[in-house]
Amino acid sequence: MDLQLDALQIEDFYNLISHSKLHPPGQDLVGPPTPLCCPVQTPQEASTRLAFHFAKQRARFLGDPTVRYMKVVDRGRSNSIISIARWHYYPQGYKFESEIHWETHDLPNSNVPVESHDQGQAPTQEQAQQIPKDFNIPLHNHILRTRDRARASWIPANEPCWILMHMVTHPSHRGKGAAGMLIQWGIEQAEKDRVPAYLEAGVMGRPIYERHGFVQVGEPLKVNLEGYGGVGTFVMCTMAYVPKWKGARREV
Ligand SMILES: CC(C)(COP(=O)(O)OP(=O)(O)OC[C@H]1O[C@@H](n2cnc3c(N)ncnc32)[C@H](O)[C@@H]1OP(=O)(O)O)[C@@H](O)C(=O)NCCC(=O)NCCS
């Protein structure tokens, strides 16, 4: 398999949305926690979720200067995007207050456009997409607010860092090293900038990050889903990669 790592381009969002036409419902590159908050069963539901999800991702790609969105393309038979990762560089550190709006969705009845933060520009046709009717927005916002607010307790304030926030490989291409390439890219940026990289790993993702040199920081973060229409807890491992340069300096 011929896998190629590249920067995601604006036109790629149309390609990603079109996955609903090529694969069974839900077999796409919509990342956690959206599948938990908005499960899909029919092609129509999958298509609506994809359009909504990637309209938001696209708006962030265009409007958030910290975003470095990467893709892995299978240059072989399919020549399609099989894995994506949204890395961020925060030269002044991560700040919940100014950044959390990128992660959350507005409730449909709030009379606020989906992308109210798009610097006064009229929403594009994509951004005006309806929120899928069964999308549990309070649950989605609760998970991401809890995750991002908790960063103050384990990521040093006001210090430059890279953060990985969104990574998914298409189910038909898992286990072929695509995510590894995307993780490695972020590590190279962190090494180049001599700053740490951070992420919150889901249960599936954690061993992969460990193999690439991330270590768990403190106890896993457990988000209680009760009271938001969810069941049980959503567990995330808070993980850090320390650049070799910094590690070496500490030993001196
Ligand atoms: C986690 C995830 C991104 C990994 O993507 P991937 O492209 O399959 O990852 P890789 O192929 O680079 O690595 C997977 C590892 O599992 C092994 N593996 C083997 N068969 C596998 C399979 N069928 N599925 C997944 N991994 C498999 C690989 O060999 C590899 O191990 P290695 O690093 O020792 O070689 C992917 O499973 C996914 O999209 N999960 C759902 C969304 C998610 O959990 N995102 C991450 C949030 S932290």
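A short reminder: the numbers here are calculations on the coordinates, not readings from a lab. Keep in mind the model is a prediction, meaning the values are calculated, not measured. A quick note on method: Cβ atoms are made from the backbone with ideal geometry, for glycine too, and the neighbour counts reach across all protein chains shown.
Excluding Ser18 itself, what net charge comes from residues whose Cβ is under 12 Å from its Cβ, given Lys and Arg +1 and Asp and Glu -1?
Around Ser18, the charge tally is -2.
Determine, for Leu199, Leu225, the number of other Cβ atoms within 10 Å of each Cβ, and report the residues in order from fewest to most.
Leu225, Leu199
Taking the Cα centre of each part, how many Å lie between segment 1-37 and segment 81-105?
The two parts, judged by their Cα centres, are 18 Å apart.
Check Val168: other-chain or 5+ apart residues with amide H under 5 Å from its amide H, H built from backbone geometry?
Ile84
From zero outward in steps of 10 Å, how is the percent of C-alpha pairs of the chain spread across the bins?
Answer for the chain: a P(r) of 7, 30, 38, 21, 4, 0 percent.
On full extension of the chain, what length is gained from Arg211 through Arg149, given 0.36 nm per residue of separation minus the C-alpha to C-alpha distance?
In short, 19.6 nm is gained.
Using 0.36 nm per residue, how much length does the chain from Gln41 to Asp134 gain when fully extended, once their Cα-Cα distance is taken away?
32.4 nm
Considering only DSSP beta bridges with both partners in segment 3-251, what is the antiparallel share in %, to the nearest 5?
90 percent
Tally Lys and Arg at +1 and Asp and Glu at -1 over the other residues with C-beta under 15 Å from the C-beta of Leu225: what net charge comes out?
With Lys, Arg at +1 and Asp, Glu at -1, the net is +2.
About the Cα centre of segment 3-251, how large is the charge dipole given +1 on each Lys and Arg Cβ and -1 on each Asp and Glu Cβ? Please answer in debye to the nearest 20.
Approximately 660 debye in magnitude.
Through the Karplus equation 6.51 cos²θ - 1.76 cosθ + 1.60, θ set to phi - 60°, convert the phi angles of segment 139-150 into ³J(HN,Hα) values in whole Hz; use x for Gly and Pro.
5, 4, 5, 4, 4, 6, 5, 5, 4, 6, 5, 5
Could you list Asp64, Asp6 in order of exposure, starting from the residue whose Cβ has the fewest other Cβ atoms within 10 Å?
Result, fewest neighbours first: Asp6, Asp64.
So for Val203, Val231, fewest C-beta neighbours within 10 Å to most, what's the order?
Val231, Val203
For the chain, which span is the longest to avoid every loop-located (per DSSP) member of GluC sites (Glu not before Pro) having at most 16 other Cβ atoms inside 10 Å?
Value returned for the longest uninterrupted segment is 12-225.
Student exercise: in segment 3-251, how many lysine pairs 8 or more apart or on different chains have Cα atoms under 24 Å apart?
Taking the Cα cut-off of 24 Å, the pair count is 14.
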